1. Tell me, which residue of region 144-183 that is part of a helix (DSSP H, G or I) and more than 21 Å from the chain's Cα centre (by Cα) is surrounded by the most Cβ atoms within 10 Å (Cβ to Cβ)?
2. Scan region 46-60 for residues that are open to solvent by 20 Å² or more (accessible area, probe 1.4 Å) and either on the phi > 0 side of the Ramachandran plot or assigned to a loop (DSSP other than H, G, I, E, B) (or both) and jot them down.
3. Return yes or no: is E85 among the acidic types (D, E), in contact with a strand residue (DSSP E or B) (Cβ under 6 Å, 6 or more places away or on another chain) and closer than 16 Å to R25 by Cβ?
4. Condition (residue is hydrophobic (A, V, I, L, M, F, W, C), on the phi < 0 side of the Ramachandran plot and part of a loop (DSSP other than H, G, I, E, B)) applied to region 218-239: is it met by at least one residue?
5. For A128, are the conditions met, namely being open to solvent by 20 Å² or more (accessible area, probe 1.4 Å) and at pLDDT below 95?
6. Kindly indicate whether P174 is free of Cβ contacts under 8 Å to residues at least 40 places away in the same chain and out of contact with any Leu (no Cβ under 9 Å at 6 or more places or on another chain).
7. Name the residue, out of T115, T63, T43, T104, that is touching a residue at least 24 places away in the same chain (Cβ under 8 Å), surrounded by fewer than 20 Cβ atoms within 10 Å (Cβ to Cβ) and out of contact with any strand residue (DSSP E or B) (no Cβ under 7 Å at 6 or more places or on another chain).
8. Report the residue count in region 66-78 for those that are open to solvent by 50 Å² or more (accessible area, probe 1.4 Å) and more than 16 Å from T22 (Cα to Cα).
Amino acid sequence: MGRAFEYRKARKLKRWGNMSRTFTRIGKEITIAAKAGGPDPSTNPRLRALMQNAKAANMPKDTVERAIKKATDKDAGDYKEITYEGYGPFGIAIVVEAATDNNTRTVANVRSYFTKHGGSLGTQGSLAFLFDRKSVFKIKPKDGISIDDLELELIDFGCDDFDIDEEEIVIYGPYEEYSHIQKYLEDNGFEIISSEFERIPTGDLKEVTPEQRATIEKLLEKFEDDEDVQNVFHNMKEDDSDDEE
């Protein structure tokens, strides 16, 4: 209990710090969801969830609307979601999730980042055993609903980790149960603040020296700065100063 939350809290600090980067990431996800399931959020649960994420990130409404409209624009790029896996320096496992309209460009960039920083790009699925892919929901507490009862209900969907405070509840469940968890929360009147997918390391996080951390973070920053990259996950242990934030 709580391990997934601590890992997630630490690694999200930098990613959510750049507002324009966050808007770009969510906008691509909205476009992909609208193209796959239609532009009406009332009939497209994934799009509905992403619009909640946009609201939580204070993304302007017109930016959200443009992202939805882009799904039907014949001149717009056709984004594909692709995952790249490899090892950074000092044996740190890294998973890079991208949304791109040019896989040739993106894979060349990702490979060059790994190579130039002492790592190597592996084959897709090669690091699957090192990470659990989780559905992560952040909801507001609801009057009259016992947290214990909520946990018991959600355990039926495979939810195995919860972080609770007075302002929000963070729920972790299996990736494949995302739509069922979302439906349960919506049907029972819970306000979903945001929802997304995370890759949580399955084993112990790798300890590194300050000098090694600096080298690895240069590589992670290259991934984060690439416009095609949506998410970056790794199994390096965060330092204490990051956790305290």
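1. L150
2. N58, P60
3. So E85 fails the test.
4. No, the conditions are met nowhere in region 218-239.
5. yes
6. On the way: free of Cβ contacts under 8 Å to residues at least 40 places away in the same chain: no; out of contact with any Leu (no Cβ under 9 Å at 6 or more places or on another chain): yes.
Considered against the rule, which asks whether it is free of Cβ contacts under 8 Å to residues at least 40 places away in the same chain and out of contact with any Leu (no Cβ under 9 Å at 6 or more places or on another chain), P174 comes out as no.
7. Being touching a residue at least 24 places away in the same chain (Cβ under 8 Å), surrounded by fewer than 20 Cβ atoms within 10 Å (Cβ to Cβ) and out of contact with any strand residue (DSSP E or B) (no Cβ under 7 Å at 6 or more places or on another chain) holds for just one of T115, T63, T43, T104, which is T63.
8. 7
The values are calculated or read from the model by the stated rules, or taken from the named source; none is laboratory data. Keep in mind it's a predicted model, so treat the numbers as computed, not measured. Counting neighbours? That spans all protein chains shown, and the Cβs are built from the backbone with ideal geometry, glycine included. What goes into the accessible areas is simple: the full protein's heavy atoms, side chains included, and nothing from ligands, DNA or RNA. Shrake-Rupley method; radii C 1.70, N 1.55, O 1.52, S 1.80 Å.
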